[in-house]
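The structure under discussion appears below in the form of structure tokens.
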Amino acid sequence: MRLVLLLCCYAAARTLPVSEGVVTVLDRILLVGLTGAVVWLLVSITDCVAESLAVSAKASDSRFDDQMLPILRNTARVLVFVLGVVFVIQAFGYPVGGIVAGLGIGGMAVALAAQDTLGGIFASIAIFLEKPFVVGDFVELQGVQGTVSDVGIRSTRIRTVERTLVTVPNRKIVENVVDNWAGRDSRRTLMSFGLTYDTTLTALSGLLEKLREELRSDPDVEPDSWSVHFRGFGESSLDVEVLMFLKTADYRQWLSMRERKGLMIMRQVEAAGLSFAFPTRTVRIER
């Protein structure tokens, strides 16, 4: 609507007897308006294309495209805006090459002042090339644990388990250790329990063998990754340790698997006629 009004004003100025200066001003205003309209149109097209690609990216198995789309979208927006500004400057008769050359020394000063920002940009490039994580991975960065929500040009956003959003600079990420929990194919699970001291040697040995048979045939447990051992003598219990690697990277699925293994241990202890120990203390009072 504003562009139509601007065109009407320009046509009226060309038709009516007005000074050449007014026409020149209207020419420049029209140029800026047309350039702004084209920039807005190109940005809108970029957003539409990005939204269409985002739908396809969500349907794909790879999460790398989910990570790249926001960066490409923002880069395209900035590029369109810069080209629009350069076009307007050139159309006004200012030599763009001379301006760029004149800003050379100032540009060096700005670059020195913005070295942290530039470091973040180069760090983001390193993250995209090496791919230590992608959007959706559960990671630990700089002591922060959570799911990667967005990877930007300067920083990475992480949604923590408390549902807060933490922003970590990319240059800090490439300088430190990244623990990507989503990259593992199984989860280490340790279960310890104690039996009462009236447990006989035969009963304890039988229970250990039963637990080994259960884990040996369990499809949820990684083969040759488990161990069942009598750990030692506690203050009020005979301690048993069960170590296994469960075949899942998903946290909720791991909780269900761990629950089933705990119930299996309880069934075997009950079937053997044994009892779990609990802290007890005997006090003798001498008169």
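Looking at the stretch 233-259, which of its residues are without any contact (Cβ under 8 Å) to a residue 60 or more places away in the chain and not in a strand (DSSP E or B)? Quick ask: steps written out before the conclusion?
Within the stretch 233-259, the first condition is being without any contact (Cβ under 8 Å) to a residue 60 or more places away in the chain, and the residues that meet it are 233-245, 250, 252-253, 255-256, 259.
Hits for the stretch 233-259 are Gly234, Glu235, Ser236, Ser237, Asp250, Arg252, Gln253, Leu255, Ser256, Glu259.
Are any residues in the stretch 130-149 within 16 Å of Asn176 (Cα to Cα) and either surrounded by fewer than 20 Cβ atoms within 10 Å (Cβ to Cβ) or in contact (Cβ under 8 Å) with a residue 60 or more places away in the chain (or both), and if so, which ones? Spell out how you get there, then give the answer.
Kept after step one, since they are within 16 Å of Asn176 (Cα to Cα), are these residues of the stretch 130-149: 130-133, 139-145.
Once the filter is applied, which keeps residues that are within 16 Å of Asn176 (Cα to Cα) and either surrounded by fewer than 20 Cβ atoms within 10 Å (Cβ to Cβ) or in contact (Cβ under 8 Å) with a residue 60 or more places away in the chain (or both), the stretch 130-149 yields Glu130, Lys131, Pro132, Glu140, Gln142, Gly143, Val144, Gln145.
Are any residues in the stretch 228-253 more than 20 Å from Gly136 (Cα to Cα) and among the aliphatic types (A, V, I, L, M), and if so, which ones?
Those that are more than 20 Å from Gly136 (Cα to Cα) and among the aliphatic types (A, V, I, L, M): Val228, Leu238, Val240, Val242, Leu243, Met244, Leu246.
Assess whether Ser225 counts as being closer than 30 Å to Val144 by Cα, part of a loop (DSSP other than H, G, I, E, B) and in contact (Cβ under 8 Å) with a residue 12 or more places away in the chain.
Answer is yes for this residue.
Could you check Ser186 against (1) within 34 Å of the chain's Cα centre (by Cα); (2) over 30 Å from Val139 (Cβ atoms); (3) polar (S, T, N, Q) and say which number it fails?
For Ser186, the failing item is (2).
Pairs please, first residue from the stretch 260-287 and over 21 Å from Thr200 (Cβ atoms), second anywhere and polar (S, T, N, Q), Cβ atoms under 6 Å, 6+ apart in sequence or on different chains.
Pro279/Ser236
So is Val168 in the same structural domain as Pro132 (by TED's automatic domain parsing), surrounded by fewer than 13 Cβ atoms within 10 Å (Cβ to Cβ) and under 26 Å from Ser149 (Cα atoms) or not? Lay out the reasoning, then the answer.
Working: in the same structural domain as Pro132 (by TED's automatic domain parsing): yes; surrounded by fewer than 13 Cβ atoms within 10 Å (Cβ to Cβ): no; under 26 Å from Ser149 (Cα atoms): yes.
The answer is no for Val168.
Please tell me if Leu211 is crowded, with 18+ Cβ neighbours inside 10 Å and either assigned by TED's automatic domain parsing to the domain that holds Trp254 or more than 34 Å from the chain's Cα centre (by Cα) (or both). Give the steps one after another, and end with the answer.
On the way: crowded, with 18+ Cβ neighbours inside 10 Å: yes; either assigned by TED's automatic domain parsing to the domain that holds Trp254 or more than 34 Å from the chain's Cα centre (by Cα) (or both): yes.
Judged against the criteria, Leu211 is a match.
Report yes if Leu255 is of a type in the set (A, V, I, L, M) and within 20 Å of Gln268 (Cβ to Cβ), otherwise no.
Numbers: of a type in the set (A, V, I, L, M): yes; within 20 Å of Gln268 (Cβ to Cβ): no.
No, not satisfied.
Is it fair to say Phe193 is aromatic (Phe, Trp, Tyr) and in contact (Cβ under 8 Å) with a residue 60 or more places away in the chain? First the steps, then the outcome.
On the way: aromatic (Phe, Trp, Tyr): yes; in contact (Cβ under 8 Å) with a residue 60 or more places away in the chain: yes.
Yes: the conditions hold for Phe193.
Name the residues in the stretch 171-195 that are more than 30 Å from Lys261 (Cα to Cα), β-branched (Val, Ile, Thr) and surrounded by 16 or more Cβ atoms within 10 Å (Cβ to Cβ), would you? Quick ask: steps written out before the conclusion?
So the first thing to find is which residues in the stretch 171-195 are more than 30 Å from Lys261 (Cα to Cα), and the list is 171-178.
Filter once more, so that each one left must be β-branched (Val, Ile, Thr): 173-174, 177-178.
Matches in the stretch 171-195: Ile173, Val174, Val178.
The values are calculated or read from the model by the stated rules, or taken from the named source; none is laboratory data. Computed from a predicted model, the values in this text were never measured in an experiment. Methodologically, a virtual Cβ is constructed for each residue, glycine included, from the backbone with ideal geometry; neighbour enumeration extends over all protein chains shown.
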